[in-house]
Amino acid sequence: MLRKITGQVRVGLRAVSLATIACVCAAPIANAEETFKLGLVNFLSGPAADAFGVPSMNGGELMVEALNAGEVPEPYAGMIGFGGMPIEIIKVDETGGAQVQIQRFRDLVQREEVDAIVGYDGSGDCLAVAPIADELKKVVVFSGCGTPRIFEENSYEYVFRAGSHSTMDNVALAHYVARKLPDAKTVAGFNQNYSWGQDSWRDFSLALKELRPDIETVGELFPETGAGQYGAQINVLMRLKPDVVHSSLWGGDLEAFLLQAGPRKLFDRTNVVFTMAEHVLPRLGDKVPEGLMTGGRGAVGALHPDTPLANWFYSAYEDKYDIPAVQGPFRFVQTILGLKTAVEIAMQENGGKKPTSEEIAAAFKFASFDTPSGPVEMAIGDGHQAIQGNAIGISKWNAQENRVELVDVEYFSAKCINPPNGVMSEEWIKEGFPGAECDN
Amino acid sequence: MLSLQRNVALGALALTIALAVLGAFVPEWILYTCALVLAKGLVVLGLCLLLRMNLVSFGQGLYYCAGAYICGLVSQMGISDAFFLTFLAALGSAVVGLILGLFLSGYRSVFFAMFNLALSMILYGVLLKSISLGGSDGVGVAAPTYLGYAPDGEMRLYVFFVFALAVAGASSVFAFLYTKSEMGLASASVKDCEIRLEYLGLSVRYLIIFNFVIASTLAGIGGALVAMVSGHIIPELAYWTTSGEFVFITVLSGPNGILSAFGATAVFETIRLVAGQNMPNSWQMLLGSFLLLSILFMPNGISGLFRRAKAPKPDAVGEGINND
Amino acid sequence: MDIAFAIFADGIIYGAWLFLVAIGLTLVFGVMKILNVAHGALYAIGAYAAATLVNSSFFGQIEGMAVLIVMLAGAVIAALLLGPFLERVLLRLFYERDEIVLLLVTFGLSLILEDLIKLIWGVYSHYVPGPYALFGDVEIGPLFYVGYDFFIVGLAVVVGLGTYLVLNRTNVGKVVQSVIHDDEISRAMGINVARVYLGAFTFGVFLATLAGAFTAPMIAITPTIGVNAIILSFAVVVIGGLGSIQGAAIGALVVGLSRASAINLWPEAELFVIYAVMSLVLLVRPEGLFGQIQQRKI
């Protein structure tokens, strides 16, 4: 299974690298004096800074420096910056809510005059910024924000998301659970009381119901974000005794839950499965309970595919920041590489000039590119939303190497866990995944 | 009194027109911040009226959020007229303010602040759970139209700015005249001695409710403006830190100003925009220090500075004589 | 039956923790009439201080119960560094002002402290999970409790009773009571009011850092943990009556039990049940449950 997927990744990789090499040869290098001004937005303060924002920005900076120095391996070797233009970055904090983000977005576009913006992890921020991007005709590429609403409720010209949304993350997890836990009869949800938690639980429980109609939902808990104390909720789970507990917790809340649930023997009694717990594994180390099933919203971090690009990024990040790269940096550089691809395709079309926003947006639609988390295709949302494969594994402490490993990893291809273009994700799950191409 | 009304109205009209003209030459990113300042300034104006009575609400986000959601949800039904939406938001938040004001008027000081906080947090909790209202991700707001006129892309922000300017101007004139009216003057003395007012035959409770309704109406209008200018609203508008931000600006403004409410909002927004951009990990520290220094050196806020410069002797409104 | 027991036990455990977090807030208000919004940030600093000491190479070797002493030391050091400084240098400037102005001063202070935390300890989480396992665990029917939870209950009882007894049964307490009652007359009687304020505020800061230090093993310590702590403490002390220690205890239990009931019986209501209870109590008793005991100047 693993070999087959790696094979597929290789084939995809080769196709992408050939395309890029073609692109490198065809496009004349842009005027050396021109730079590409890129706004990077993510949480630098607040609860998400520690889990996603700061690691993401670190990864982004590393990637931009490497691109400017021409150090990124195949398929991006040989082309400095974006199409020969060195990248200049401006970092912006995402804290403060939708109104503040719109203010800063306008400031980036109209005062700083950036050429494009990548980032945003908060769903509310993405929903707020998207219409403004269209109004100002500036390309924005979202890196995080789980909500499928952006391209399902609206359509935008200049807005792209080069990473997964909550549906594919939770559908993959449901597949994994359905397969690995054949005896499970009951499930309960433990998700934060806000959109990401609510959406994740909806997608996971609907998908599991399709895959395993015999599994019954026995409870759903929605603890407050930032609550920090989960004793009472853990006892409810202990009392309900579900065979499976689904959780999309992240950051400090997730860490507190793991620390509190371990001594209460929750993990001995039930299988707790996580949508995105991958990002806390390196930091918690031996405090991570054995046998947790988790994904990381893509083949990211320790789940990264075995390609030169992924291996380079994973080790370059650890060399520079002394901690393994987790999903945040992977998603963020994926976004930057997507934009790079679009810019270079646009330059190929326009004869090598610095492309306009219209040209970048046109080139971005339905583009595909290679990333440290495997091949990504802007296949749905009318070419604005990426699909990519996902990987789920089980945690295991490796005392020799002093790090948490994920074992028994299964990869799910992008087409297996994503709805086809134009289909609403919730309907798609409810109808039993029509058009899904799963190879196992 | 009549001539005062006329002079103030004319002055405000002149100022509004001057600003509207100025707005045409300002880059858009400043214009957006200006529109935000007008919207938030209205909320602050309402809080100033309460601060004159020594009441501080740590839950003004409730009315701000209510106004924004009324505006947003009605706009999703296809009604996008800015005048109508603003009116509806004002009406809605006034009704909410009246109902809650009946209970809140019995409270003072910290209890008033905390009761308001609890109420706004209930709204926040309900909105988070209301998936049909977008949950924590919030809802989009349709671009406003003006009595049938729908400005296109380039003009949209400017036209809205002029609209917001008109609304803020009219509200300011009303607020100014109100503070000079019998009710307004009586309200200002609630903080000094409630018993004396009762003895004069005025009901303190009634005065508080009256001011509270005005404050919540202004907050609702501010919410509607914010909804229309940003095009997306989230439950965080009701979270207590949003209210804390308004209180912060109110203290900066001081209780006795009208223009200073907007001035303080502008100062706050500028600090946040500039500092948030350049020092993401220490802009809160800057804001906090700024708050401490302004409380220390400007006990009556920005408005106090101007008054002292203009009129050394305390005037009829009682320029916050420091009798506490 | 299980449910009733779970609600009771979880309510008490959570309530005890809340009481620990909130008691400093109510004490400082009782003595100085300051609703200290920076209490949450001080709680966070206590957690960081304890984690830093326990994880340091010097104390890293210490095993067993002695770790609790190290955590306590962290709380004491943080309180002694911050308490006198904040009271003498900052708050003193504002004593002549209104209650509500002092609330805003501490609001400004909390903004400053939050960024200070980020500058000192960075944005990444800190952990100190060792002590959490010190007391083993207890199996009651289908439920497991961590021994540390009961240690927190015990600590809350000790801290609460201790503070109550000091205030009501000792000379120091009598002096403090007199200042609470009327600072001007106390001054006329020869009481050094400034020193009482200094002591009371520093002790309030210590109670905050203590709560943070002993919460640290249960959580991931991040710069924002104080925000949640302060808002919960507000609810507790407002329900109980500002400035009353018995009130804070009852308020903490009310909040603890209603949250546990919501989680077990009506999970949708978890977030707003606390504020609903707070509004309800204020509606029925405008000054909180124990508000009348509070001795305030009119």
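The values are calculated or read from the model by the stated rules, or taken from the named source; none is laboratory data. On a predicted model such as this, the values are computed, not experimentally measured, just so you know. Methodologically, a virtual Cβ is constructed for each residue, glycine included, from the backbone with ideal geometry; neighbour enumeration extends over all protein chains shown. Ligands, DNA and RNA are stripped out before the accessible areas are found, and what is left, the full protein with its side chains, is counted by its heavy atoms. Shrake-Rupley method; radii C 1.70, N 1.55, O 1.52, S 1.80 Å.
Specify the inter-centroid distance of segment A:138-191 and segment C:223-285, based on alpha-carbon positions, in whole Å.
One Cα centre to the other: 35 Å.
Sequence neighbours fewer than 8 away in the same chain don't count; with that in mind, list the lysines whose C-alpha is under 16 Å from A:Lys353.
A:Lys353 reaches A:Lys37, A:Lys340.
Using the Cα centre of segment A:291-440 as origin and beta-carbon charges of +1 (Lys, Arg) and -1 (Asp, Glu), tell me which of A:His304, A:Ala391, A:Thr341 is placed farthest towards the positive end of the dipole.
Of the listed residues, the answer is A:Thr341.
Please compute the per residue accessible area over chain B with all protein chains in place, 1.4 Å probe, rounded to a whole number of Å².
Per-residue accessible area for chain B comes out at 38 Å².
What accessible surface, in Å², does a 1.4 Å probe find on A:Cys438, ignoring ligands, DNA and RNA and rounding to the nearest 10?
For A:Cys438, the solvent-accessible surface is approximately 60 Å².
What does the helix-only formula give at 222 nm for chain C: each DSSP H stretch with n ≥ 4 adding -39500 (n - 2.57), the total divided by the residues, and the result rounded to the nearest 500 deg cm²/dmol?
Calculated mean residue ellipticity at 222 nm is -23500 deg cm²/dmol.
For segment A:147-162, in order, what is each residue's ³J(HN,Hα) by Karplus, 6.51 cos²θ - 1.76 cosθ + 1.60 with θ = phi - 60°, in whole Hz (x at glycine and Pro)?
Running phi through 6.51 cos²θ - 1.76 cosθ + 1.60 with θ = phi - 60° gives 5, x, 4, 3, 9, 8, 9, 9, 10, 10, 8, 10, 10, 9, 10, 8 Hz.
Going by accessible area, probe 1.4 Å, with all protein chains left in place, what is the ranking of C:Val89, B:Val26, largest first?
C:Val89, B:Val26
Of B:Val43, B:Val226, B:Val96, which has the largest mean-square fluctuation in a 10 Å C-alpha GNM of chain B?
With Cα springs under 10 Å in chain B, the top fluctuation among B:Val43, B:Val226, B:Val96 is at B:Val96.
With a 10 Å cut-off between alpha carbons and a GNM built on chain A, which of A:Ala391, A:Ala207, A:Ala49 moves the most?
In the Gaussian network model the winner is A:Ala49.
I want to verify a result. In a Gaussian network model of chain B, Cα cutoff 10 Å, which of these has the top mean-square fluctuation: B:Pro151, B:Pro280, B:Pro299?
Maximum fluctuation in the GNM of chain B, among the listed residues, is at B:Pro280.
If a/c stays under 1.5 just call it rounded; otherwise compare a/b with b/c (prolate if a/b is bigger, oblate if not). Do that for the protein assembly as shown, with a ≥ b ≥ c from the square roots of the Cα gyration tensor eigenvalues.
Here the protein assembly as shown falls in the oblate category.
Quote the total accessible area buried by chains B and A together, excluding ligands, DNA and RNA, probe 1.4 Å, nearest 100 Å².
2700
Report for chain A the percent antiparallel among DSSP-assigned beta bridges with both residues inside it, nearest 5.
35
Which value at 222 nm does chain A reach when only helices count, each DSSP H run of 4 or more adding -39,500 (n - 2.57), with the total divided by all residues and rounded to the nearest 500 deg cm²/dmol?
On the way: 16 runs with 186 residues, N = 440.
The helix-only estimate for chain A comes to -13000 deg cm²/dmol at 222 nm.
Of all accessible surface on chain B at a 1.4 Å probe, what whole percent is carbon and sulfur?
Details: 8780 of 12360 Å².
Carbon and sulfur atoms account for 71 percent of the accessible area of chain B.
At a probe size of 1.4 Å, how large is the accessible area of A:Glu431, to the nearest 10 Å²?
120
Once phi is turned into ³J(HN,Hα) by the Karplus curve 6.51 cos²θ - 1.76 cosθ + 1.60 with θ = phi - 60°, what whole-Hz value does each residue of segment A:90-107 show in order, with x for glycine and proline?
For segment A:90-107, the Karplus curve yields 10, 9, 9, 7, 8, 6, x, x, 4, 5, 5, 5, 4, 4, 6, 5, 4, 4 Hz.
Summing -39500 (n - 2.57) over the DSSP H runs of n ≥ 4 in chain B and dividing by its residue number, what mean residue ellipticity at 222 nm do you reach, to the nearest 500 deg cm²/dmol? Write out the running numbers ahead of the final one.
Working: 13 runs with 233 residues, N = 324.
My calculation for chain B gives -24500 deg cm²/dmol from helical runs alone.
Using a/c under 1.5 as the rounded threshold, could you call segment C:2-293 rounded, prolate or oblate? The axes a ≥ b ≥ c are square roots of the C-alpha gyration tensor eigenvalues, and prolate needs a/b larger than b/c, oblate otherwise.
oblate
Just to check I understand the Karplus step: with θ = phi - 60° and J = 6.51 cos²θ - 1.76 cosθ + 1.60, what whole-Hz values come out for segment A:317-334, glycine and proline as x?
Taking θ as phi minus 60°, the curve returns 5, 5, 4, 7, 10, 6, 8, x, 6, 10, 4, x, x, 4, 5, 5, 6, 4 Hz for segment A:317-334.
Quick check: from the Cα gyration tensor, does segment B:2-242 come out rounded (a/c under 1.5), prolate or oblate? Show your work: numbers first, answer last.
Working: a/c = 2.32, a/b = 1.25, b/c = 1.85.
Oblate is the answer for segment B:2-242, as a/c is 1.5 or above yet b/c matches or exceeds a/b.
Measuring with a 1.4 Å probe in the full set of protein chains, what accessible area per residue, in whole Å², belongs to segment A:71-201?
Details: 2990 Å² over 131 residues.
On a per-residue basis, 23 Å².
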